[in-house]
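Scroll down for the structure; my scribbles are underneath it.
Bear in mind that the values in this text are calculations on the coordinates, not laboratory data. Predicted model only: the values in this text are computed from it and were never measured. Note that each Cβ is placed from the backbone with ideal geometry, even for glycine, and that neighbours are counted across all protein chains shown.
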Amino acid sequence: MTLSRLVFYSRTNLKIGESAGMIRGLLQSCSEYSPVSGLTGGLVFNEKFFMQVMEGSREQVSRHLATLFVDPRHEGLTVLSIEEIVRREFEGWAVGYAGHTIDAERLYLRYCPTVDVNPTLMSARGLFEFIRDFCALETLYVQRVAVGETRPAAPTAPTPSPTPRVVPAQPSVETIKIVNTKVAG
């Protein structure tokens, strides 16, 4: 089976103060879906954006992406890249709230010009690396679940890779803007 990786972001309808309960809800959704689907990845969000990486077969990724078009939490879904990959970077699912802690803000400044995370200012590679690095943070703002688990797991330290990370050259990808076509009713 050929693996694919999708990197995208969307605007969120999340209201300030709703984020605490949403992390667990999103993680529970991912943990229930991933054992069935074979998808892995990371989702980082704040009051303005959802930023996500999904890995799995192209069919699995496409099926899950289609469900996001009808999800009322997402607006203005923008796909930055979809590419074939040799191996997964995510072993399960990680969901994180991009809050304002010292460690998180240091990470934001590595990928963004300000401490406010804005994926519209990032390349596909930059957003992928930001999500991967954010999901590896040891903070209460990040929750993880391994494929096959059915409940949120306590945060754990990332497992060091036995071999150096090899990142294939990313072909130039034109950004595809996808606009939700919600039908009123």
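Taking the criterion of being small (Gly, Ala, Ser) and over 23 Å from Asn13 (Cβ atoms), would at least one residue in the range 52-60 satisfy it? There is at least one residue in the range 52-60 that is small (Gly, Ala, Ser) and over 23 Å from Asn13 (Cβ atoms).
Among the residues of the range 74-89, those that are under 16 Å from Ala124 (Cβ atoms) and of a type outside the set (Asp, Glu) comprise Leu77, Thr78, Val79, Leu80, Ser81, Ile82, Ile85. When the residues of the range 61-82 are filtered to those that are free of Cβ contacts under 8 Å to residues at least 40 places away in the same chain and not small (Gly, Ala, Ser), the one that is nearest to Phe128 (Cα to Cα) is His64. Tallying residues that are within 23 Å of Met1 (Cβ to Cβ) and either of a type in the set (Lys, Arg) or buried (at least 17 other Cβ atoms within 10 Å of the Cβ) (or both) within the range 64-89 yields 9. Number of residues in the range 101-123 that are surrounded by 12 or more Cβ atoms within 10 Å (Cβ to Cβ) and not in a helix (DSSP H, G or I): the value is 8.
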